[in-house]
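To start, the structure under review is shown below, and the notes come after it.
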Amino acid sequence: MKTIKYLSIIILFFGLFSCVKTKKQPIQTNPLEGKTLVQKIQNNNHNIALYTENGKFKVGYNKIFIQISKLDNSIVENANISWKPLMKMTSMSHSCPFSDLNLVDQSKSVFEGYIVFQMASNETEFWDLSFEYTLDGQNFQAHDTVHVSESLFKNIVSFTGSDNVKYLIALVAPQNPKIGLNNMSALLFERASMMSFPTLNNYSINIDPRMPSMGNHNSPNNEHLSQTNGEGLYNGKLSLTMTGYWKINLQLLDKNKNVLKGEDVTPENESSSIFLEIEL
């Protein structure tokens, strides 16, 4: 009996040891994998590398990843950083909607955020992107000009609602649309001033996608954009039934479902006054 007891203890011990030994560790992913370097902004101490999915900035929504390194290319961790985009025009300057910079999950050095550029760069008007950051109790600054190219299709729309509030809607997704049902997301902002664009919550955005070149037909199974979390983000479903140019007609509604801007598409009215564009 003692032998059986000791064998049972040994088996239990090795079973527990085996479980501990084979316990899976979290998979560490590189948040910059698949991203393309746009440019580096340098000061006397550091490089700030800017990455996007396609390696460029365009008019509209841009998701941006950044990483700070020393001039010897060693990566900097645990910085406290903020940024600000500023369009410098011939007679004035203005900013645009942009988010805070936050560390990517499980990373100590890669930050992510977005900027919604409202206009493209040209020979006399340009975007300046500035950073302020703190490392080990020291404050640093850096800035440089960034080039913003024009988008082929309308992915932001600015307008004044019936409540006299100035709004801006920016298309977030789909960035690479496909035939079928696409997840659609948009950000909603108030243009409070030339420098302030706070996100807006508790609204809804109705969508009505149409193909003007094909008799202005619509598509089935669309879901209007509603809010599932804060920070001005609205989500729904966009149905695209064939390749070609699509006009995504919009209506903005307040929390009481009053239409603030945008009209129904009817045989007599081919388009809403506010819309976005997509081409497959």
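Summary of values
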read-out: Residue-by-residue Karplus 3J(HN,Hα) for the range 118-131, coefficients 6.51, -1.76, 1.60, Hz, glycine and proline x; value: 9, 8, 7, 6, 9, 5, 10, 10, 8, 9, 10, 10, 10, 10
read-out: Neighbourhood net charge (14 Å Cβ-Cβ; Lys/Arg +1, Asp/Glu -1) for Glu77; value: +1
read-out: Charge dipole magnitude, Cβ of K and R +1, D and E -1 - the range 131-280, Cα centre, debye nearest 20; value: 300
read-out: Prolate/oblate/rounded label for the chain (Cα gyration tensor, a/c 1.5); value: oblate
read-out: FRET efficiency for Ser74 and Ala173, using Cβ-Cβ distance with R0 set to 41 Å, rounded to 0.05; value: 0.70
read-out: Which of Asn45, Asn122, Trp246, positive extreme of dipole for the chain (C-beta unit charges); value: Asn45
read-out: Spin-label pair Ser149/Met92, simplified geometry with 7 Å Cα→Cβ offset, distance in nm; value: 2.9
read-out: Label point distance in nm, Ser213-Gln42, each placed 7 Å from Cα along Cα→Cβ; value: 4.6
read-out: FRET efficiency, 1/(1 + (r/R0)^6) with R0 41 Å, evaluated for Asn258 and Asp105 via beta carbons; value: 0.60
read-out: Cubic angstrom per residue, convex hull over Cα atoms of the range 98-177; value: 184
read-out: Computed label-point distance, nm, for sites Asn221 and Ser273 using a 7 Å Cα→Cβ extension; value: 3.4
read-out: Accessible-area composition of the chain, carbon plus sulfur, in percent [1.4 Å probe]; value: 50
read-out: Difference of contour (0.36 nm per residue) and Cα-Cα distance, Val165 to Phe126; value: 11.3 nm
read-out: In sequence order, calculated HN-Hα J values of the range 200-216 (Karplus, 6.51, -1.76, 1.60; Hz; x Gly/Pro); value: 10, 10, 6, 10, 8, 10, 7, 10, 9, x, 9, 10, x, 7, 10, x, 6
read-out: Å² of accessible area per residue within the chain, as computed with a 1.4 Å probe and no ligands counted; value: 57
read-out: Relative contact order computed over the chain (Cα-Cα under 8 Å; 6+ residues apart), in percent; value: 13
read-out: Dipole in debye (nearest 20) - the chain, about Cα centre, beta carbon charges: Lys, Arg +1; Asp, Glu -1; value: 1360
read-out: Most mobile listed residue (Gln42, Gln141, Gln106) in the chain, GNM with C-alpha springs under 10 Å; value: Gln106
read-out: Violating pairs (Cα-Cα greater than 27 angstrom) within the set Lys84/Lys237; Lys108/Lys237; Lys70/Lys154; Lys35/Lys108; Lys88/Lys154; value: Lys84/Lys237; Lys108/Lys237; Lys70/Lys154
read-out: Potential extension, Ser82-Leu181 segment - 0.36 nm per residue separation minus Cα distance; value: 32.0 nm
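The values are calculated or read from the model by the stated rules, or taken from the named source; none is laboratory data. A quick note: this is a predicted structure, and the numbers were derived from the prediction, not measured. Glycine also receives a Cβ, built like all others from the backbone with ideal geometry; neighbour counts cover every protein chain displayed. Areas reflect the complete protein model, heavy atoms only, side chains present, ligands, DNA and RNA absent. Shrake-Rupley method; radii C 1.70, N 1.55, O 1.52, S 1.80 Å.
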